[in-house]
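Chemist: One structure is given below, represented as structure tokens, and several questions about it will come after.
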Amino acid sequence: MQQINDDEIDLGEIFSALLNGWKIILIFTSFFLVGSLYYAMNGPLEKFESVAKIQLSEENSRPQFSEFGGIASLAGITLPSNSSDQLKLETRLTSRKFILGLDEKVNLFADKYLNPYQNKSVDDNFSFADLKLFVREFYRDKNGSNDAEKHQFDLKSKIEYEVVKNFRLNLRIEERDNGLLQVFFKHTSPIRSAAILNWALEEAINQIDYEKKEGARLSLNYLEGELMRIQEDLEAAIDAIQAYAIEYNIGSIKDLASSSLRADILRDELKVLRDTRLAIDFFSSLEIFTNRSISDARATYPFIGTLDFRSRLNLPADMNVWTKPSDDVFEAAQLRVSLQIEDLTALISGLEQKARNTANEAKMYGELQRNIKVQETLYEVLIKQFESQSLSAGLPGKSVEFFDPGVPPLEKIEPKRSLIVSLGLVFGLFLGSTFVLVRAALTRIIYSKRAMLGTVKKLGTLIRLSGVNSTCGRNFVNSFATVRSNFHKYQSLVSFIDPKQIICGVVSTHNEANTRLLGLVLMQAMLKFSEKVQLIDVKNLFKLDNCNETDINFLGQINSLTVERDCEVIQPHSALNSYELKLYIDKVRQDGTAVLVLFGNLENEHNELMMLSHSFDSMFFGVQVKRTTKNHLEVIDEVLSGCEKPGAMVYC
């Protein structure tokens with residue numbers, strides 16, 4: 001059993017489906033083309049766009065008083081810096097306050113284009129927004145909340161909102177690489193477009209210039225006030241340092257240096273006294289003075305040979321004749337040295353404390369002197385800078401160096417009718433093509449000849465009927481005679497008949513006329529190999545004139561028509577079930593009679609064909625492009641899976 005692959009995308013089949021549905025695509029395209037053309041001519045308002053060119057002044061694009069910035073920051077002064085003129089211009093043109101303020105000069109509220117509430121009449125186009133507004137007003141009046149003042153306030157707010165919104169939507173600003181600004185404004189009137197644009201730009205530039213001048217004056221006043229404050233602080237600092245110097249009797253840094261030098265000398269003397277006391281303790285601990293002990297003491301205490309040390313112990317100059325003094329001499333010497341150490345320690349402590357105090361006072365005094373020096377330097381520099389700047393030099397000039405006002409445009413910018421019509425054409429083609437492809441996907445009709453032939457070859461033998469009529473009428477006698485006279489044209493189908501295939505079924509995927517033709521051609525072809533051929537018209541596809549009524553086993557009451565002596569057509573009066581037809585086919589097979597069974601609709605008789613598929617020697621299916629679907633091929637594939645021999649696909 002072959003599997004019909006429906007997942008692959010066949011471009012040829014897609015193009016065939018589009019070509020087959022050209023009428024539908026043409027209808028969609030024509031509808032949208034006419035609609036877009038009508039909308040382009042009657043729907044959107046014609047709009048004109050005026051453009052003005054502005055070149056901002058470079059010297060005014062940087063902060064004012066920039067030469068004061070670094071110096072003023074050292075003095076604790078903060079000067080305001082100006083933002084870019086371009087940013088100011090864009091922000092101002094789109095600000096709500098500025099737009100509403102233009103009403104006094106250009107009457108924005110009286111403009112029908114910017115104010116949709118102005119003079120709305122019944123003749124105007126009624127939009128969906130108007131419908132919503134009408135419904136809201138109706139329910140508000142119905143609920144009794146129609147306060148006059150509130151209604152007036154709401155209406156004013158809505159008008160202001162619409163005017164501001166429409167003004168912003170129609171305003172556009174672009175910047176070129178050279179700093180040139182192009183300002184655009186759209187309006188239904190070319191004159192109003194240029195007028196509103198020029199008034200808005202002139203008013204914005206004037207406001208920016210005025211604010212710059214006022215800001216410059218305020219900056220100068222602020223700088224002057226800060227200079228006065230610095231001067232007062234400088235004078236206060238000078239008074240403070242003078243008072244401090246008088247209060248603490250600060251002479252100079254030399255006093256601090258002499259005090260420090262004297263303290264260092266006294267510390268050296270204190271060290272000598274402490275070493276002297278240690279030497280006295282060492283000699284008092286000796287039993288007797290020997291040359292060895294004196295040599296060891298001199299190595300540790302080199303000063304024992306001095307007059308000061310010898311006088312304390314009453315020792316002679318010659319150390320070789322030294323003898324140990326009495327204990328009273330040692331005690332007196334130790335006492336005198338201890339007293340000298342205590343006095344010297346107290347004196348050094350007093351000098352150190354005085355030195356610390358003097359150092360702190362000198363540090364404070366130095367800081368005051370430094371602050372005064374800094375204040376004096378800043379004041380001198382700032383005052384020189386301030387004096388060098390006159391009021392006229394400090395104030396900024398015009399913010400705009402070049403201004404080319406807008407003029408009424410000659411050509412409208414909207415609507416772009418050619419673009420609207422082109423989009424309508426493309427949209428119509430797209431929707432029409434989409435509809436055709438969706439329909440093809442749902443119906444599963446095969447539009448491509450290549451796809452049809454490629455699929456049916458997988459199911460069975462392919463027989464092509466080209467250049468001949470593939471249908472015939474209902475009258476059996478006339479159709480039989482027509483086919484017999486043109487029998488030689490159907491050799492491609494006749495040559496496929498196998499003498500061993502005496503039981504055949506015929507069905508078409510697209511119409512009954514094709515089934516009738518295939519049945520007649522096969523009937524005359526089977527006459528060459530069989531003595532008798534019987535055509536069973538199960539669904540009464542033919543009209544039999546002058547037929548005979550008879551009764552046959554398994555078929556019941558039938559109409560019978562014999563053409564020539566070996567060809568018979570029978571039509572059962574009542575619908576037969578698959579079992580009865582199968583029994584009759586088995587009966588005539590034993591008799592050697594060739595049987596050709598004609599069926600009607602392939603999908604409706606799917607179950608009967610499945611039941612009878614084992615009884616047929618061969619099955620013939622009529623297929624045709626644009627009429628046969630993938631569902632038909634799936635049914636054919638399922639039916640052929642039960643036949644003993646492969647079927648034949650007759651491509652008409």
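The values are calculated or read from the model by the stated rules, or taken from the named source; none is laboratory data. Nothing here was measured: the structure is a model prediction, and the numbers come from that model. Here Cβ is always computed from backbone atoms with ideal geometry, including for glycine, and neighbour counts include all displayed protein chains. With ligands, DNA and RNA removed, areas are computed over all heavy atoms of the protein, side chains included. Shrake-Rupley method; radii C 1.70, N 1.55, O 1.52, S 1.80 Å.
Chemist: Going out from 0 in 10 Å bins, what whole percent of all Cα-Cα distances in segment 515-652 drops into each bin?
Modeler: 11, 43, 36, 10, 0
Chemist: Take the cross-link list K47/K112; K23/K539; K458/K528; K112/K412; K539/K582 and give me the ones stretching past 23 Å between alpha-carbons. It would help to have the intermediate numbers written out before the result.
Modeler: Numbers: K47/K112 13 Å; K23/K539 35 Å; K458/K528 30 Å; K112/K412 18 Å; K539/K582 16 Å.
Where the Cα-Cα span goes over 23 Å, the pairs concerned are K23/K539; K458/K528.
Chemist: Using Cα pairs closer than 8 Å and at least 6 residues apart in sequence, work out the relative contact order for segment 553-629, in percent.
Modeler: 23 percent
Chemist: Still on this model: Once phi is turned into ³J(HN,Hα) by the Karplus curve 6.51 cos²θ - 1.76 cosθ + 1.60 with θ = phi - 60°, what whole-Hz value does each residue of segment 427-435 show in order, with x for glycine and proline?
Modeler: Result, rounded to whole Hz: 5, x, 4, 5, 5, x, 5, 4, 4.
Chemist: Here's another thing I want to ask about it. If you take the square roots of the eigenvalues of the alpha-carbon gyration tensor of segment 535-577 and sort them as a ≥ b ≥ c, do you get rounded (a/c under 1.5), prolate (a/b over b/c) or oblate?
Modeler: prolate
Chemist: Based on the Cβ-Cβ distance from N548 to R439, what FRET efficiency comes out when R0 is 56 Å, to the nearest 0.05? Kindly include the intermediate steps, with their values, before the conclusion.
Modeler: Details: r = 48 Å, r/R0 = 0.85.
Computed FRET efficiency for N548 and R439: 0.70.
Chemist: Going from most exposed to least, what order do L419, L609 have by accessible area with a 1.4 Å probe?
Modeler: Largest accessible area first, the residues go L419, L609.
Chemist: Read phi for every residue in segment 300-305 and hand back ³J(HN,Hα) as whole Hz from Karplus 6.51 cos²θ - 1.76 cosθ + 1.60, θ = phi - 60°, with x for Gly and Pro.
Modeler: 7, 10, x, 7, 5, x
Chemist: Ok, one more. Taking the full set of protein chains and a 1.4 angstrom probe, give the accessible area of T562 in square angstrom, rounded to the nearest 10.
Modeler: 80 Å²
Chemist: Per residue of segment 549-556, in order, report the coupling 6.51 cos²θ - 1.76 cosθ + 1.60 (Karplus, θ = phi - 60°) as ³J(HN,Hα) in whole Hz, putting x for Gly and Pro.
Modeler: 9, 8, 10, 10, 4, 6, 9, x
Chemist: To continue, here is another question. Under the rule of at least 5 residues apart or a separate chain, name every residue whose amide H is placed under 5 Å from the amide H of K324.
Modeler: Excluding prolines and chain starts, which carry no amide H, the hits are F289.
Chemist: I've got another one for you. Classify segment 451-530 from the C-alpha gyration tensor, please: rounded if a/c falls under 1.5, else prolate or oblate depending on whether a/b exceeds b/c.
Modeler: It comes out oblate by the Cα gyration axes.
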